[in-house]
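Worksheet: the structure to be examined is printed underneath.
The values are calculated or read from the model by the stated rules, or taken from the named source; none is laboratory data. Note that the structure is predicted; figures quoted are calculated from it, not measured. Glycine gets a Cβ as well: all are built from the backbone with ideal geometry, and neighbour counts include every protein chain shown. Only protein heavy atoms, including side chains, enter the accessible area calculation; ligands, DNA and RNA are left aside. Shrake-Rupley method; radii C 1.70, N 1.55, O 1.52, S 1.80 Å.
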Amino acid sequence: MAVKRLVAQVRASEGIAIGRAFVVRREAVGSSEPKGDVECERARFFEALAASDSQIEQLAVADEIFAAHLELLRDDTLRESVEGHISEGESAVEAVEHSCDEIAALFEQMDDEYLRERANDVRDIFARIKANLTGGVRNPFEGVGAGDIVVDSVLLPSDMAMIDFSRVAGFVTGEGGATSHVCIIARNRSIPAVVGLHEALAEIPHGEQIVVDGTAGVVVVAPDEDTLAEYRDRMARERAEREAEREMAHIELRDAEGRKVSVRANAGSVEEVREAIARGADGVGLFRSEFLYMLSDAEPSEQMQAEAYGAAAEACGDAPLTIRTLDVGGDKPLPYMTFPREENPFMGWRAIRVSLVERQMFCRQLRAILRASARGRVRVMFPMVVSVEELREAKACLEECKRTLRSEGVAFDEHIPVGVMIETPAAVFVARALAAECDFFSIGTNDLTQYVMAADRANTKVAALCNPLSEAVVAAIRMSIEAAAEAGIECSMCGEMASDAEATGVLLACGLRSLSVNIGAIGRIKHRVAIALQGGGE
Ligand code: PEP
Ligand code: MG
């Protein structure tokens, strides 16, 4: 067949893979029993629900996304919705299908891309219940050969749990955005992926040779010899680069005065923390706890949070795990919380402002973080702080949680370090006062840049202004580092600027000795730091 080049819009997972397309076929399994009366259909539904529950419980041991699935499965909304349809005379299967469409549609209407993606999690759970109603779950990936590229319209979390990653060279999907589960897993495992091909997916025949260029978001179907030679060349070059970076990833970096330079990672799940440590991160400088809250349709319980944070802390070993308290609101809503409509969401009710109002929810999170601190080097960090009063209020909540845990005889780290994100101009101006009352700073350049430059980070028209290397932003960074140094506390950076190798020299020259970067950038940034330190570039 003639060479075809299919282009996607989403940057999914970098790298190049060449292999045979394994186009997943999903046949209906088993057959449905004839419809019974309401009681009979209700009983069949509860039987399938119980079977799904124990299957997901087993999967949750290996992957925390299934813990979120379990919460969703056990939520009253799901059960009541299906029971409602059954009592209107539908069969259990019909009721499950209708409830699935209704609940998934709620997520699909959300403004936030990440939450829209969660509709797939809903569909995944219902698909399992339906499979249990109609005869059991079959593995559609049987037959994937070594080095194959898995091609499917969507790949759901439970699909990913059935895949043997050691055999898969790449992924291609029709649906999905940059935060879909397939992307997260592919990136974590360094498997090239292209997602979001939409109708063009139909142009990939099963068994045909294809090239997946995850860096460019392109799939080449039936490549000719010249195209193959070009891609093989690039693959070899990229492999050599990655090898060099991997070697750098585990070295210890020290500046001319012998001070350690840390390159930590930004992570959003226990799985990502494990991956980051395996790739040489000196701990986690930013654990975005909001992902845990966004994955489920109800607030994660204190117990569930304590488990997740505790597992992440253990994965870090002797290195720190910096947990940022909930950073939602504004542009990041939660489906189970009511947020006011706001003209300027980025200047609205978000982050620590939400936590200080929703005190009980805040305390449940702080208790979970404290409990996890008995299992590793946990640090707690507050987002969007603008004044010393806010820091004091947040610390008072932390102290209150310590008191109650103490009275309950629960173990925790009495000296858990408390940090502040420097991501507003206000925090920069009062940095000295903040430094006197906390243990570390972490500069959030994503927000700091947009507030200093008065340029919305999501508005492409002002993208050129929203530049962290602008004189004004660098001055704000320098002021924060100096305030921390005067107080003798650590100053780190966890905004995207830390992952930009072009900025490393400037940041070291400003006196920064701790960076927290994307997992994929750990080797690259360590490499850059080593070069800058050797060349006196700092
Ligand atoms: C930042 O603002 O730089 C930051 C790290 O926080 P987020 O990107 O999650 O707002
Ligand atoms: Mg921020």
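Report yes if ARG513 is among the charged types (D, E, K, R), open to solvent by 10 Å² or more (accessible area, probe 1.4 Å) and touching a residue at least 40 places away in the same chain (Cβ under 8 Å), otherwise no. Yes: the conditions hold for ARG513. ASN467 satisfies every condition listed in (1) touching a Gly at 6+ places or on another chain (Cβ under 9 Å); (2) away from ligand 1 (no atom under 12 Å from the Cβ) except (1).
Of the residues making up the stretch 383-423, those that are within 16 Å of ligand 2 (Cβ to nearest atom) and open to solvent by 10 Å² or more (accessible area, probe 1.4 Å) are VAL386, GLU390. Based on what the data block shows, is ARG353 in the same structural domain as ALA319 (by TED's automatic domain parsing), part of a helix (DSSP H, G or I) and more than 16 Å from ligand 1 (Cβ to nearest atom)? So ARG353 does not fit the description; no. Here ILE477 meets the list (1) within 15 Å of ligand 1 (Cβ to nearest atom); (2) assigned to a loop (DSSP other than H, G, I, E, B) almost entirely, failing just condition (2).
For the stretch 158-174, residues that are among the charged types (D, E, K, R) and at pLDDT below 85 total 1.
Give me the residue from the stretch 189-210 that is assigned to a helix (DSSP H, G or I) and of a type in the set (D, E, K, R) and, out of that set, nearest to the chain's Cα centre (by Cα). Applying the filter and picking the extreme gives GLU199. Residue check: ALA426 meets all listed conditions (1) surrounded by 20 or more Cβ atoms within 10 Å (Cβ to Cβ); (2) among the small types (Gly, Ala, Ser); (3) over 24 Å from ARG364 (Cβ atoms); (4) within 16 Å of ligand 1 (Cβ to nearest atom) but one, namely (1).
Per-residue answers, yes or no, for (1) at pLDDT 90 or above; (2) in contact with a strand residue (DSSP E or B) (Cβ under 7 Å, 6 or more places away or on another chain):
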| site | (1), (2) |
| --- | --- |
| LEU115 | no, no |
| ARG128 | no, no |
| GLY147 | yes, yes |
| LEU156 | no, no |
| CYS183 | no, yes |
| ALA200 | yes, yes |
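Among the residues of the stretch 22-75, those identified as assigned to a loop (DSSP other than H, G, I, E, B), open to solvent by 60 Å² or more (accessible area, probe 1.4 Å), more than 30 Å from VAL211 (Cα to Cα) and at pLDDT 75 or above are LYS35, ASP37.
Collect the residues in the stretch 145-176 that are small (Gly, Ala, Ser) and out of contact with any Asp or Glu (no Cβ under 8 Å at 6 or more places or on another chain), keeping them in residue-number order.
GLY145, ALA146, GLY147, SER166, GLY170
For GLU230, work out the one condition from (1) open to solvent by 40 Å² or more (accessible area, probe 1.4 Å); (2) closer than 23 Å to ALA501 by Cα it doesn't fulfil. Looking at each condition in turn, GLU230 falls short on (2). So which residues in the stretch 310-334 are open to solvent by 50 Å² or more (accessible area, probe 1.4 Å) and away from ligand 1 (no atom under 16 Å from the Cβ), if there are any at all? If the condition is that a residue be open to solvent by 50 Å² or more (accessible area, probe 1.4 Å) and away from ligand 1 (no atom under 16 Å from the Cβ), then GLU314, ASP318 are the ones that fit. Just one residue in the set MET479, MET497 is buried (at least 18 other Cβ atoms within 10 Å of the Cβ) and out of contact with any Gly (no Cβ under 9 Å at 6 or more places or on another chain); that residue is MET497.
One line per residue, one yes/no per condition, for (1) over 27 Å from the mean Cα position of the chain (by Cα); (2) closer than 16 Å to THR322 by Cβ; (3) in a helix (DSSP H, G or I); (4) not hydroxyl-bearing (Ser, Thr, Tyr):
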{"site": "PHE412", "(1), (2), (3), (4)": "no, no, no, yes"}
{"site": "ILE416", "(1), (2), (3), (4)": "no, yes, no, yes"}
{"site": "ALA427", "(1), (2), (3), (4)": "no, no, yes, yes"}
{"site": "TYR451", "(1), (2), (3), (4)": "no, no, yes, no"}
{"site": "ALA464", "(1), (2), (3), (4)": "no, no, no, yes"}
{"site": "PRO468", "(1), (2), (3), (4)": "no, no, no, yes"}
{"site": "ALA483", "(1), (2), (3), (4)": "yes, no, yes, yes"}
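Among the residues of the stretch 431-449, those that are open to solvent by less than 10 Å² (accessible area, probe 1.4 Å), within 14 Å of ligand 2 (Cβ to nearest atom) and part of a helix (DSSP H, G or I) comprise THR445, ASP447, LEU448, THR449. The set of residues in the stretch 457-510 that are under 20 Å from GLY283 (Cα atoms) and among the small types (Gly, Ala, Ser) comprises SER492, GLY495, ALA498, SER499, ALA501.
Condition check: surrounded by 15 or more Cβ atoms within 10 Å (Cβ to Cβ), closer than 16 Å to GLY285 by Cα, without any contact (Cβ under 8 Å) to a residue 60 or more places away in the chain and within 16 Å of ligand 1 (Cβ to nearest atom). Does VAL452 satisfy that? The answer is no for VAL452.
Here's the yes/no breakdown for (1) under 29 Å from LYS35 (Cβ atoms); (2) of a type outside the set (Val, Ile, Thr); (3) surrounded by fewer than 21 Cβ atoms within 10 Å (Cβ to Cβ):
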position	(1), (2), (3)
ALA95	yes, yes, no
CYS100	yes, yes, no
ARG118	no, yes, no
ASP121	yes, yes, no
ILE129	yes, no, no
ASN132	yes, yes, no
ASN139	yes, yes, yes
PRO157	no, yes, no
VAL172	no, no, no
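Residue pairs whose Cβ atoms lie under 6 Å apart, sitting 6 or more positions apart in sequence or on different chains, and linking a residue in the stretch 483-507 that is more than 19 Å from LEU253 (Cα to Cα) to a partner that is open to solvent by 20 Å² or more (accessible area, probe 1.4 Å) and within 16 Å of ligand 2 (Cβ to nearest atom), are GLY495/ASN446; GLU496/ASN446; MET497/PRO468. Entry remark, the stretch 340-382: residues being within 16 Å of ligand 2 (Cβ to nearest atom) and open to solvent by 30 Å² or more (accessible area, probe 1.4 Å) number 6 in total. For ALA483, state whether it is more than 16 Å from ligand 2 (Cβ to nearest atom) and among the small types (Gly, Ala, Ser). When the stated conditions are applied, ALA483 passes them. With respect to the conditions (1) within 17 Å of ARG26 (Cβ to Cβ); (2) within 17 Å of the chain's Cα centre (by Cα), ALA186 lacks only one, and its number is (1).
This table checks each residue for (1) among the acidic types (Asp, Glu); (2) buried (at least 18 other Cβ atoms within 10 Å of the Cβ); (3) not assigned by TED's automatic domain parsing to the domain that holds ILE149.
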| site | (1), (2), (3) |
| --- | --- |
| VAL194 | no, yes, no |
| LEU197 | no, yes, no |
| THR215 | no, no, no |
| VAL220 | no, yes, no |
| ASP226 | yes, no, no |
